[in-house]
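The values are calculated or read from the model by the stated rules, or taken from the named source; none is laboratory data. Every value quoted in this text rests on a predicted model; they were computed, and no experiment measured them. Cβ coordinates were reconstructed from backbone atoms using ideal geometry, including for glycine residues, and neighbour counts include every protein chain displayed.
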Amino acid sequence: MTNLSTTADDILNCTRRLIASGGYNGFSYADISDVVGIRKASIHHHFPTKADLVRELVSWHRGQAEAGLVELTNLRPDPLDQLRAYADHWAACVADPTMSFCICALLASEMPVLPPEVVTEVKAYFRSLSAWLTGVMERGVEEGKLVLSNTPETEAEAFMALVHGAMLSARAYGNPLVFRTVTQPLLERLTAVRR
């Protein structure tokens, strides 16, 4: 959200919360107006259409995620630690309703009804995450820290799908512990010693 006014930041933060609680079609500019305390015309000034607003939000979310993954890679050079920390981040988010749920996971489930410009940003998020995870898997094999059953690309996609699916399952059951129940066996499998 760099180079945006405080009002635009407030609109984007409100939109993130509204998407997390009701999806793309679960909110309107009137909802944002009520929460942020501005007129709908002011929202249109910053984001002419709802598609513009959500596209900007997803682009910002992707940028934040990419920066976080770079920081994670720098702070924890061990590939297994990186995978655990990534899963731990989402476990914390699932457990604490005040933390941000992955809006891209939520929006991905709505892809057939999303505007094309939003779909493009959601896909870019997943491509970026997949590339990072593939790199982690490759380094993990090279360093002898991970044992893969498939190619690094396939394992990265499976890990990503499992983490995002675990988020949705935990939400569906209303039980944050479901996230760990689903993700822990994969982490154990990736570190299991093959004989």
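Out of all the residues in the range 81-135, which are outside any helix (DSSP H, G or I), farther than 15 Å from residue 167 by Cβ and without any contact (Cβ under 8 Å) to a residue 24 or more places away in the chain?
The one that is outside any helix (DSSP H, G or I), farther than 15 Å from residue 167 by Cβ and without any contact (Cβ under 8 Å) to a residue 24 or more places away in the chain: 98.
Considering each residue of the range 65-80, count those that are assigned to a helix (DSSP H, G or I), in contact with a helix residue (DSSP H, G or I) (Cβ under 9 Å, 6 or more places away or on another chain) and not hydrophobic (A, V, I, L, M, F, W, C), and give that number.
Residues meeting the conditions: 4.
Considering only the range 26-40, I want to know if a residue exists there that is basic (Lys, Arg), crowded, with 16+ Cβ neighbours inside 10 Å, part of a helix (DSSP H, G or I) and on the phi < 0 side of the Ramachandran plot. It would help to see each step written out before you state the result.
Filtering the range 26-40 for residues basic (Lys, Arg) gives 39-40.
Subsequent filtering for residues that are crowded, with 16+ Cβ neighbours inside 10 Å retains none.
The answer is no; no qualifying residue exists.
Table: residues versus (1) charged (D, E, K, R); (2) in a loop (DSSP other than H, G, I, E, B); (3) modelled with pLDDT of 95 or more.
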| residue | (1), (2), (3) |
| --- | --- |
| 144 | no, yes, no |
| 153 | yes, no, yes |
| 157 | yes, no, yes |
| 171 | yes, no, no |
| 188 | yes, no, no |
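Out of 114, 57, 12, 72, I need the residue that is within 30 Å of residue 145 (Cβ to Cβ) and surrounded by 13 or more Cβ atoms within 10 Å (Cβ to Cβ). Which one? Step through it out loud before you land on a result.
Numbers: 114 fails: within 30 Å of residue 145 (Cβ to Cβ); 57 fails: within 30 Å of residue 145 (Cβ to Cβ); 12 fails: within 30 Å of residue 145 (Cβ to Cβ).
Residue meeting the stated conditions: 72.
I'm checking my understanding of the structure. Among residues of the range 1-20 that are part of a helix (DSSP H, G or I) and within 21 Å of residue 66 (Cβ to Cβ), which one is modelled with the lowest pLDDT?
20
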